[in-house]
Amino acid sequence: MGATTSVDTALARWARRLDRVALASGSVVAWLIAPMVLSLCYEVVARYLFNAPTLWAYDMTFMLYGSFFMLGAAYTLQRKGHVRTDSFYAAWKPRRQATVDLVAYVVMFFPFVAVFAFVGWGYFVKAWVTNETFVSSAWQPITWPFKLAMPVAGVLLMLQGVSECLKCLHTLKTGQWPDRPTTEAVEQVVTA
């Protein structure tokens, strides 16, 4: 990403405040990996050692992984973990990077996230009202907790997108990217 700066503007301070939401949610969502792995291990042991496969392990695994994937997207965006082709971008000056990023957020990111959150909310409400279950499963778990992850992920992504835009505006103003939170700052958010 280009050079960072210690110049602290109101834009950078607001971005850091919004970053805390993604850092905290990512730290909480990371724990979804534990029940997912445990259910997979339980299924393998039950199926192959005792010849007694479960009805629920597959459903639990895909619901937890899907939730983990969606709800972790804002954290991944904050940590710059999404796939990016840096062939040209890395050589650009920070202001040009910020301009391209800002246009991409406004033109592509926000419309997609808004539609995702809106449609996800509709799926959640329908599942809640009808007490929908996964009919493809013998276990038939309710779907609304899984479908709630969609609009929540949309809101988290929207907040992090605002933070990223504030960072772009800071860079356009100062010519340098704001400092990113260190690993220690991430750990402080988790323990707070």
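The values are calculated or read from the model by the stated rules, or taken from the named source; none is laboratory data. Because the structure is a prediction, the values reported are computed rather than measured. Note that each Cβ is placed from the backbone with ideal geometry, even for glycine, and that neighbours are counted across all protein chains shown.
Quick check: is even one residue across region 79-86 over 24 Å from L156 (Cβ atoms) and out of contact with any strand residue (DSSP E or B) (no Cβ under 9 Å at 6 or more places or on another chain)?
We begin by selecting, within region 79-86, every residue over 24 Å from L156 (Cβ atoms); these are 85-86.
If we keep only those that are out of contact with any strand residue (DSSP E or B) (no Cβ under 9 Å at 6 or more places or on another chain) as well, we get 85-86.
Yes, because at least one residue in region 79-86 is over 24 Å from L156 (Cβ atoms) and out of contact with any strand residue (DSSP E or B) (no Cβ under 9 Å at 6 or more places or on another chain).
Between a first residue in region 146-166 that is closer than 10 Å to L18 by Cα and hydroxyl-bearing (S, T, Y) and a second residue that is at pLDDT 95 or above and part of a helix (DSSP H, G or I), which pairs have beta carbons less than 6 Å apart while being 6 or more apart in sequence or on different chains?
Short answer, once both residue conditions are applied: S163/A15; S163/L18; S163/D19.
What helices (runs of 4 or more DSSP H), lying completely within region 22-100, carry at least 2 residues that are loosely packed, with under 13 Cβ neighbours inside 10 Å and modelled with pLDDT of 90 or more? Step through it out loud before you land on a result.
Values: elements: 33-48, 57-71, 73-78.
Passing ranges, in order: 33-48.
Being surrounded by 14 or more Cβ atoms within 10 Å (Cβ to Cβ), in contact (Cβ under 8 Å) with a residue 12 or more places away in the chain and either of a type outside the set (G, A, S) or closer than 17 Å to A74 by Cα (or both) is the filter here, so list the residues in region 115-133 that pass it. Spell out how you get there, then give the answer.
Here is the first cut: in region 115-133, the residues surrounded by 14 or more Cβ atoms within 10 Å (Cβ to Cβ) are 116-117, 120-121, 123-125, 127-128, 132-133.
Then drop every residue that is not in contact (Cβ under 8 Å) with a residue 12 or more places away in the chain, which leaves 116-117, 120-121, 123-124, 127-128, 132.
If the condition is that a residue be surrounded by 14 or more Cβ atoms within 10 Å (Cβ to Cβ), in contact (Cβ under 8 Å) with a residue 12 or more places away in the chain and either of a type outside the set (G, A, S) or closer than 17 Å to A74 by Cα (or both), then F116, A117, G120, W121, Y123, F124, W128, E132 are the ones that fit.
Assuming K126 fulfils every condition listed in (1) modelled with pLDDT under 95; (2) within 23 Å of F62 (Cα to Cα); (3) of a type in the set (D, E, K, R) apart from one, which condition is it?
Result: K126 passes all but (1).
Is there a residue in region 134-144 that is in a helix (DSSP H, G or I) and either among the hydroxyl-bearing types (S, T, Y) or buried (at least 16 other Cβ atoms within 10 Å of the Cβ) (or both)?
Yes, that holds for at least one residue.
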